[in-house]
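First up is the structure itself, then whatever we jot down about it.
The values are calculated or read from the model by the stated rules, or taken from the named source; none is laboratory data. Being a predicted model, the structure only gives us computed values, none of them experimental. We place every Cβ from the backbone using ideal geometry, glycine too, and count neighbours over all the protein chains shown. SASA here: full protein model, heavy atoms, side chains in, ligands and nucleic acids out. Shrake-Rupley method; radii C 1.70, N 1.55, O 1.52, S 1.80 Å.
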Amino acid sequence: MLKHIAITVNDKNDINAFYRDLLGFSESRRFTLPEELSDELFGIKESAEVVMLHSDDIYLEVFLSDRKIESVYNHVCIGVRNREDIIERAQSSGYTVTRAGRTSKPDLIFLRDSSGNSFELVDSE
């Protein structure tokens, strides 16, 4: 059973603008990961603010950090009821939206937050 997904976010404004307002996540709690524990667990010698978010059965553990993300294949796929509305709002807010057309299935839709985290949106209906 998956408990949560941990991601790194560079722009703390994305907590509200991207995760809450666009994707519909709610904040559960905040805490600071102490430098000693961060070093022990991740080999990063700095403390980090952590924001716990949830939406239905998806839980995100968001680490706020200045460390930049390299391009990777990692992404989180979430089912949404209003995919086209989210796409439109993401584009008007300046977030990167990629739509890849397919002939036999619905288009692939990927959103990126300001830090480069990728989210695939699928219809949940």
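The table below lists the values:
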{"item": "Positions within region 65-87 being touching an Asp or Glu at 6+ places or on another chain (Cβ under 7 Å), open to solvent by 50 Å² or more (accessible area, probe 1.4 Å) and under 14 Å from Leu22 (Cα atoms), in sequence order", "result": "Arg81"}
{"item": "Which numbered condition Ser26 fails, given (1) of a type in the set (Ser, Thr, Tyr); (2) surrounded by 13 or more Cβ atoms within 10 Å (Cβ to Cβ); (3) under 26 Å from Lys3 (Cβ atoms); (4) under 18 Å from the mean Cα position of the chain (by Cα)", "result": "(2)"}
{"item": "Only one of Ser114, Ser38, Ser118, Ser47 that is in contact with an Asp or Glu (Cβ under 9 Å, 6 or more places away or on another chain), among the polar types (S, T, N, Q) and within 14 Å of Val9 (Cβ to Cβ)", "result": "Ser114"}
{"item": "Qualifying residues in region 101-125 (those that are assigned to a strand (DSSP E or B) and open to solvent by 80 Å² or more (accessible area, probe 1.4 Å)) - the one modelled with the lowest pLDDT", "result": "Asp123"}
{"item": "Failed item in (1) open to solvent by 70 Å² or more (accessible area, probe 1.4 Å); (2) in a helix (DSSP H, G or I); (3) touching a residue at least 12 places away in the same chain (Cβ under 8 Å), with Ala90 passing the rest", "result": "(1)"}
{"item": "Residue in region 50-64 that is over 23 Å from Asp21 (Cβ atoms), within 15 Å of the chain's Cα centre (by Cα) and without any contact (Cβ under 8 Å) to a residue 12 or more places away in the chain present", "result": "no"}
{"item": "Criterion: free of Cβ contacts under 8 Å to residues at least 40 places away in the same chain, in a strand (DSSP E or B) and under 18 Å from Gly116 (Cα atoms) - qualifying residue of Thr98, Thr32", "result": "Thr98"}
